[in-house]
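The structure appears right after this line, and notes come after that.
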């Protein structure tokens, strides 16, 4: 498959050789990410939020040599699954990758949307924002730098990652919103970026869909963002990613879009070489922000 990488940032253009949701059969059968993540286990888990009797956990991957009092960058990653499925294990390879580079890697558990339980997509958004807020508020005990937080996610998880930066006011009742949940950078894999009828999840989001549609909330000051998306994506249409890129650049934000020509939804999770390519490009992006260099000096 021929690939085209398009990197655009702050008005400059450079051309260079370049959890699947439940809707697709391949995701159910497993892919490259499922194969490797099955063999991984986090260092530990911590509860970041309680809703009634339900405890929500952060799955932590701590780097070699980690000790209390460290001040390391942190890579927080959120699984996809249409907000209705998936699990933190899906993102373990990405959390572990950054732990191996000296970061603290975290995969987030959140409530899943269900009409039976009454959990809404807005609740999923609240959980994602709570998770980042918890990490920043407890940075000292987690050994992370509260001003070096990167949030990542795939598909619906990409939507929730973007939600941490964009949806002011969609927060858990009683939470200390003085602690910011806005990360220092975003890395989005084929994200749900438009929740209108032209995008994905309009019916799930309901009448107030625009309140949680990233495309409709771009403003100046959004953190630097890297997006991976395929032009053949019929689940979260490529048009939304391009529209988000254009809006980000117009607002004066840094945004880069890595385009996989013809790539279907979840393409980068399916083959080891695509996972590796994605991580290398993400490393380059984060290095350009000075984050990887800082990881070497916890």
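In table form, for the structure just shown:
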item: Odd one out for residue 250, checked against (1) surrounded by 14 or more Cβ atoms within 10 Å (Cβ to Cβ); (2) out of contact with any helix residue (DSSP H, G or I) (no Cβ under 7 Å at 6 or more places or on another chain); result: (1)
item: From 279, 274, 257, residue being modelled with pLDDT of 95 or more, in contact with a strand residue (DSSP E or B) (Cβ under 7 Å, 6 or more places away or on another chain) and either part of a helix (DSSP H, G or I) or farther than 15 Å from residue 154 by Cβ (or both); result: 257
item: Enumeration of residues in region 282-291 that are surrounded by fewer than 19 Cβ atoms within 10 Å (Cβ to Cβ) and in a helix (DSSP H, G or I); result: 283, 284, 287, 288
item: Which numbered condition residue 51 fails, given (1) over 19 Å from the mean Cα position of the chain (by Cα); (2) under 24 Å from residue 125 (Cα atoms); (3) crowded, with 17+ Cβ neighbours inside 10 Å; result: (3)
item: Exclusive hit being within 22 Å of residue 189 (Cβ to Cβ) and surrounded by fewer than 23 Cβ atoms within 10 Å (Cβ to Cβ), set 64, 95, 87, 68; result: 87
item: Where residue 150 falls short, out of the listed (1) within 19 Å of residue 60 (Cβ to Cβ); (2) in a loop (DSSP other than H, G, I, E, B); result: (2)
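The values are calculated or read from the model by the stated rules, or taken from the named source; none is laboratory data. Source: prediction; values computed, not measured. As a convention, Cβ positions derive from the backbone with ideal geometry for all residues, glycine included, and neighbour counts pool all protein chains shown.
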